[in-house]
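These notes are about the structure you will find just below.
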Amino acid sequence: MEWNTKSNVARREVLKWAGMALAGAMSGVSIPLKVQAQAKTKPLGTARNAIFIQMTGAMSQMDCWDFKETKWTPKDLDAQKVWGDLYLSKTLFGRLSASKYMDRLSFVRSMRARELVHFNGQYHCQTGRALNVAVGKEIPAFGSVIAAELNSQRRPADTFPTYVSVNLRQDRVGPIGSGFFPVTYTGMDLDPGVVFDVFGGGNDGSSEKDLDRRWTTLQRMAEVSPRSRALGDKANDYRTFYDYAYRILNDPRWPKVFDITDQDKQRYGTNIVGQNFLLARNVLKADAGTRFVYISETDNFGWDYHSSIYDKTRPTNLYVSADRFDRAFPALLEDLATTPGHTPGKSMLDETLVVASSEFGRTTYVNNAAGRDHYDQVFTSALVGGGVKGKKILGATDEVAGKCIDTGWQAEQQPVVDNLVTTVYRKKVENTPSGRPYEYVQLAPIGSSEIINPNPLEDLFV
């Protein structure tokens with residue numbers, strides 16, 4: 001999808017999007033939540049912000065971040081040593097390999113997935129836990145938990161949500177609400193298919209005047225409406241959310257989020273991946289309250305090549321997906337690294353933990369359709385910034401990147417997405433609507449005999 005040029009959606013439509021997100025999050029929960037430490041371990045506390053990049057569709061680890069040459073490897077991938085045991089394809093990741101910030105990245109090659117279906121896997125990435133339909137309505141998004149944790153740190157001038165997602169409406173799960181947390185912790189999802197035209201340049205001020213008029217009318221109607229009074233807490237929740245949206249739209253920092261230069265487009269790319277990464281950069285740089293950005297990196301299919309994975313005659317293939325990422329990701333790292341942080345002497349990259357992870361891996365063999373299928377035994381995640389030391393590789397795989405031969409950390413169990421979550425926080429909520437304690441890191445998933453190792457990936461930070 002190329003950069004959008006025109007849209008008939010009005011700026012006030014953001015209120016409708018907010019309402020849709022709110023409706024998905026509403027569960028009638030008004031009880032005070034009892035939050036306590038889940039165990040003696042503490043969050044590492046090395047980052048002020050975080051960006052989680054969901055590598056939608058699951059990249060093939062043996063072609064990308066755990067390069068292993070097999071009989072199916074195309075000859076033109078041209079793997080070259082970057083540092084240590086890291087070899088990257090110059091064809092797929094030439095810009096990233098040459099980036100001056102490459103030394104700041106670290107990789108976890110021993111990751112294991114707990115799902116083999118995209119919906120379940122993407123849900124797990126977004127919530128930090130396995131899907132359980134019995135309590136699905138009360139499960140909050142990963143970002144909503146962070147928003148709740150950081151709520152006490154919000155400043156009077158903060159108008160943007162603590163949690164903002166990008167492009168989640170395009171993946172299989174869509175945006176997940178705040179669950180049993182108050183609706184104020186629901187994230188705002190920015191759909192790059194519309195937001196640049198809706199909120200970007202060319203506004204003559206008429207939309208803001210129209211918004212003011214409609215907002216005043218809405219407030220007056222709410223004051224005299226008996227239905228609003230009858231709805232009680234739900235009406236108050238909606239009123240709070242709409243007030244939140246109104247404040248965002250009237251913040252002069254908001255339209256700057258969508259102010260993209262031609263140079264930006266050249267550096268990041270004019271495709272959906274470039275748009276997603278630019279939105280993440282601008283939202284954090286605005287310093288208007290957002291601390292966590294979750295990106296669904298590309299469209300529904302992304303890196304999902306069950307057929308023709310290396311076929312350059314097709315409109316999408318591994319080369320296309322890698323080129324999009326290889327343009328946008330190094331540009332994002334450069335911009336974060338050259339933007340001053342909150343602490344004197346530190347950059348935004350110093351203060352922002354960036355995680356890029358698939359939902360699972362891909363098979364070591366190429367199937368009859370010339371593609372690679374879903375694989376749960378091993379895949380690779382990347383981390384950079386926010387206290388990550390860089391030039392570290394946790395774990396090792398066999399000669400085809402299909403079996404973990406070294407977990408790379410203090411446990412015999414392979415790390416899972418849950419351990420990425422543990423690296424950020426570790427608490428639990430006692431009095432949820434279902435009556436079950438909600439552990440931010442689910443040590444013993446319901447319906448599973450597996451016990452999750454609760455430890456964070458501390459070795460990347462020391």
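Give segment 174-196 a look and list any residue that's of a type in the set (V, I, T) and either at pLDDT below 90 or farther than 25 Å from V117 by Cβ (or both), or say none.
Answer for segment 174-196, where residues must be of a type in the set (V, I, T) and either at pLDDT below 90 or farther than 25 Å from V117 by Cβ (or both): V183, T184, T186, V194, V195.
Between residues in segment 309-332 that are free of Cβ contacts under 8 Å to residues at least 40 places away in the same chain and residues that are surrounded by fewer than 20 Cβ atoms within 10 Å (Cβ to Cβ) and in a loop (DSSP other than H, G, I, E, B), which pairs lie under 6 Å by C-beta distance while being six or more apart or on different chains? That search, which allows pairs on different chains as well, returns R314/S308; N317/D311. When K346 is tested against the conditions (1) of a type outside the set (A, V, I, L, M, F, W, C); (2) within 20 Å of D197 (Cα to Cα); (3) surrounded by fewer than 16 Cβ atoms within 10 Å (Cβ to Cβ), the lone failure is (2). Annotation note: of A382, A401, the sole residue that is more than 21 Å from the chain's Cα centre (by Cα), surrounded by 15 or more Cβ atoms within 10 Å (Cβ to Cβ) and either of a type in the set (A, V, I, L, M, F, W, C) or closer than 25 Å to N49 by Cβ (or both) is A401. Counting only strands (runs of 3 or more DSSP E) wholly contained in segment 62-146, the ones carrying 1 or more residues that are of a type in the set (K, R) occupy 79-83, 105-111.
Looking only at segment 385-398, which residues are buried (at least 20 other Cβ atoms within 10 Å of the Cβ) and on the phi > 0 side of the Ramachandran plot?
Scanning segment 385-398 gives G385, G386, G395.
Looking at this structure, is T290 farther than 22 Å from F160 by Cα, modelled with pLDDT of 75 or more and either in a loop (DSSP other than H, G, I, E, B) or aliphatic (A, V, I, L, M) (or both)? So T290 fails the test. When segment 268-315 is filtered for residues that are more than 16 Å from D189 (Cα to Cα) and β-branched (V, I, T), the ones remaining, listed by number, are T270, I309, T313. Restricting M111, M62 to those that are modelled with pLDDT of 95 or more, under 30 Å from T432 (Cβ atoms) and among the hydrophobic types (A, V, I, L, M, F, W, C) reduces the list to M111.
Could you check segment 241-270 and list, in sequence order, the residues that are of a type outside the set (D, E), over 24 Å from P156 (Cβ atoms) and not in a helix (DSSP H, G or I)?
Within segment 241-270, I260, T261, G269, T270 qualify.
There is no residue in segment 73-81 that is within 24 Å of the chain's Cα centre (by Cα) and surrounded by 19 or more Cβ atoms within 10 Å (Cβ to Cβ). Within segment 415-433, none of the residues are at pLDDT 95 or above, surrounded by 22 or more Cβ atoms within 10 Å (Cβ to Cβ), of a type in the set (A, V, I, L, M, F, W, C) and under 21 Å from T352 (Cα atoms).
Of the residues examined, S152 is not one that is among the hydroxyl-bearing types (S, T, Y) and touching a residue at least 24 places away in the same chain (Cβ under 8 Å). Of all residues in segment 351-363, those that are in a loop (DSSP other than H, G, I, E, B) and of a type in the set (A, V, I, L, M, F, W, C) total 1. Only residues that are part of a loop (DSSP other than H, G, I, E, B) and not small (G, A, S) were counted in segment 308-350, giving 15. Before we move on, is S152 more than 14 Å from the chain's Cα centre (by Cα), at pLDDT 90 or above and assigned to a helix (DSSP H, G or I)? Criteria met by S152.
For G174, the criteria (1) free of Cβ contacts under 8 Å to residues at least 60 places away in the same chain; (2) not in a loop (DSSP other than H, G, I, E, B) hold in every case but one, which is (2). Every condition in (1) modelled with pLDDT of 75 or more; (2) crowded, with 20+ Cβ neighbours inside 10 Å; (3) outside any loop (DSSP other than H, G, I, E, B) is met by P161 except one, and the failing one is (3).
V166 meets the stated requirement of being of a type outside the set (G, A, S), crowded, with 24+ Cβ neighbours inside 10 Å and under 14 Å from the mean Cα position of the chain (by Cα).
The values are calculated or read from the model by the stated rules, or taken from the named source; none is laboratory data. Since the model is a prediction, treat every value here as computed from it, not as a measurement. We place every Cβ from the backbone using ideal geometry, glycine too, and count neighbours over all the protein chains shown.
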